[in-house]
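To start, the structure itself, in structure tokens.
Every number in this text was worked out from the coordinates using simple rules, so none of it is lab data. Note that the structure is a prediction, hence the values are computed from the model and not measured. Cβ atoms come from the backbone with ideal geometry, glycine included; neighbour counts cover every protein chain shown.
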Amino acid sequence: MDGPQRYYVTTPIYYVNDAPHIGHAYTTLACDVLARFKRLDGYDVKFLTGTDEHGQKVEKSAAAADMDPKAFTDKISRNFRDLADFMNFSHDDFIRTTEKRHLAACQDIWRRLQERGHIYLGSYAGWYDVRDEAFVPESELTVGPDGKKLAPSGAEVEWVEEPSYFFRLSAWQEPLLDFYQKNPDFILPRTRRNEVLSFVKGGLQDLSVSRTSFRWGIPVPGDDAHIMYVWLDALTNYITGVGYPDTESPEYGTYWPADLHMVGKDILRFHAVYWPAFLMAADLEPPRRVFAHGWWTNEGEKISKSVGNIIDPRELVEKYGLDQVRYFLLREVPFGNDGDFSHRAMVHRTNGDLANDFGNLAQRVLSMIAKNCGGAVPRAGSPTGDDDTLLAAAHDMHAGVAKCLDIQAFHEALDVLWGVVRAANAYVDHQAPWVLRKSDPDRMETVLYTLAEVIRHLALLAQPFMPGACERMLDQLAVTRDHRTFACLGSGNALVPGTTLPKPVGIFPRLVDETGEGAS
């Protein structure tokens, strides 16, 4: 296609029965980093997030709050939108499933499925997990200490008997397996792909896709007694967001299929089995990838509302700083694995990586330039082999980071950057510009210029992870706003000797935890 490459990334839409927490922030942060990176790399990006506002659980939560469901969802959805703004997320669209555009999309995909013979009327009798809005086979149930039956998630299930429309999921076992084989990177990480393959190979049963026992949802076209199953409703948001049902629209033609659906591991089955089956049955293209990340624990304990250890991302940001929290969440744990949050780890990672490594590198280099080079970009001079080696490493970072982010390996992308941070710090110690100031001032300027250029590259490439901090660092290098994309990497847009620089200011202050760690 003509024009820039496009990139469409989505978060799951968040269920509005509770306040947003660290899990929501984590998922959206990952998508935000990808969206920012691709934009800086010249891509035409669409980044969608939003809220899932229908279903039995929402209806019950609204009733418990003595509120109308619409008023209830208006209030809770606003909390998610506010968190996205607070975390400096760069989404292009925030979708709500109560919007008219979404109702039109859901009813249209239902009609497409029905017209093609993939939906039929029957009756459902079985176990239903209201908390997760999921039908649970008897074989997957366990019995709790009180004798109540539990879903794999630990939620209680209830017996449901009612008329229901069914989607012929059983007919899509072989087409799905063929699709997975032809698209080996459709599900990442690999361990999650194996789980899905095992589930599908075990046999698929037709899926109940309507309910009659509550009213808060999208009516089935032509049969208002039925409400569409909340997951068919929710998953459709990804195409609503790009203009569906108008498949001839420029937006749909540009962005669909999505490049990435980012989800938590608990909802992988809905996205990697049901969603591509729905789409293929409706004669629409499936997304290109579903990535299922892990969960966070809190100081070694499972996060639970009943335990009272929910992590509020706002409190973390107010305590440690926005960019520090963004960095920690994507650096501390290999993305895709489960991780444990601890305040000691947060302090250690911030002080070690940000304050001591990256922050100190920038601060001491810029301070030496301010003190010894008249507060202006120093002269480049004649580079030596050591200078060229470090600059080459800085120039190679873009390709390395891009490769890691294309498989959602955020921790590895940051390690590429920190490899150069460590190399630059070692270069400072080895070159000792404070000694060169007296013995060889010209060489000192060359060393400081080399370091300033490396810091420019680091700040440019770290922007998606820590946009605020990197903006301040680029300000201190006098890099203009129109020279902050990845097209400006390399020597063609290098710092201009003699350019006046502002007074350097530290970017990453050291933190102190409750035990006093980090005080020195």
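With a sphere of radius 11 Å drawn around the Cβ of ALA155, what net charge do the other residues whose Cβ falls strictly inside it have (Lys, Arg +1; Asp, Glu -1)? If you can, show how the numbers build up before the last one.
Values: positive: LYS57, ARG131, LYS148, LYS149; negative: ASP129, ASP132, GLU133, GLU156, GLU158, ASP266.
Net of charged neighbours comes to -2.
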Response to the item:
Here D for the stretch 343-493, in µm²/s, from Stokes-Einstein with a Kirkwood Rh over Cα pairs at 25 °C and 0.890 mPa s, works out to 155
Practice prompt. Scan around ASN337 for amide H atoms under 5 Å from its own, H built in the peptide plane at 1.01 Å from N, and keep only partners 5 or more places away or cross-chain.
Written response: GLY294
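Can you give the calculated 222 nm mean residue ellipticity of the chain, where each DSSP H run of n ≥ 4 adds -39,500 (n - 2.57) and the sum is split over every residue, rounded to the nearest 500 deg cm²/dmol?
Values: 19 runs with 227 residues, N = 520.
The helix contribution divided over the chain gives -13500 deg cm²/dmol.
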Discussion item. Under 29 Å between alpha carbons, and skipping anything fewer than 8 positions from LYS302 in its own chain: which lysines qualify?
Written reply: LYS57, LYS60, LYS75, LYS148, LYS149, LYS265, LYS319
Worksheet item: Among the aspartates and glutamates, which fall within straight-line cross-link reach of LYS201, defined as a Cα-Cα distance under 13 Å, with same-chain neighbours fewer than 8 residues apart omitted?
Response: GLU174, ASP178
Practice prompt. Sort all Cα-Cα distances of the stretch 211-324 into consecutive 10 angstrom bins from zero, then give the percent of pairs in each bin up to the one containing the longest distance.
Written response: 11, 28, 28, 23, 9, 0
Practice prompt. Measure off 7 Å from each Cα along the Cα-to-Cβ vector at GLU318 and ASN183, then give the distance between these two points in nanometres to one decimal.
Written response: 4.3
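How would you classify the stretch 1-113 from its alpha-carbon gyration tensor, with a ≥ b ≥ c the square roots of the eigenvalues: rounded for a/c under 1.5, else prolate if a/b is greater than b/c, otherwise oblate? If you can, show how the numbers build up before the last one.
Details: a/c = 2.99, a/b = 1.48, b/c = 2.02.
The shape class here is oblate.
Which value, to two decimals, describes the C-alpha radius of gyration of the chain once divided by 2.2 N^0.38 Å? The partial results should precede the final answer.
Details: Rg = 26.2 Å, N = 520, 2.2 N^0.38 = 23.7 Å.
Cα Rg divided by the expected 2.2 N^0.38 Å: 1.10.
Mind checking the full-extension length gain between LYS70 and GLU174? Use 0.36 nm per residue of separation minus the Cα-Cα distance, one decimal, nm.
Working: separation 104, 0.36 × 104 = 37.44 nm, distance 4.06 nm.
So the chain would gain 33.4 nm between LYS70 and GLU174.
Just to verify a number: FRET efficiency for THR247 and ALA432, C-beta to C-beta distance, R0 = 60 Å, to 0.05?
Values: r = 64 Å, r/R0 = 1.06.
So, using R0 = 60 Å, E works out to roughly 0.40.
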Worksheet item: In a shell of Cβ-Cβ distance under 10 Å around HIS293, excluding HIS293 itself, what net charge do Lys and Arg (+1) and Asp and Glu (-1) give?
Response: +1
Discussion item. Skipping prolines and chain starts, which residues have an amide H placed within reach, meaning under 5 Å, of the one on ALA134, given they are 5 or more residues away or on another chain?
Written reply: ASP129
Worksheet, complete the sentence: From the Cα centre of the stretch 12-61 to that of the stretch 131-207, the distance in Å is 23
Fill in: Estimated vicinal HN-Hα couplings, Hz - the stretch 423-431 in sequence order (Karplus 6.51, -1.76, 1.60; Gly, Pro = x)
5, 5, 5, 5, 5, 4, 4, 6, 7
Worksheet item: Between the stretch 215-282 and the stretch 435-463, what is the C-alpha centre distance in whole Å?
Response: 51
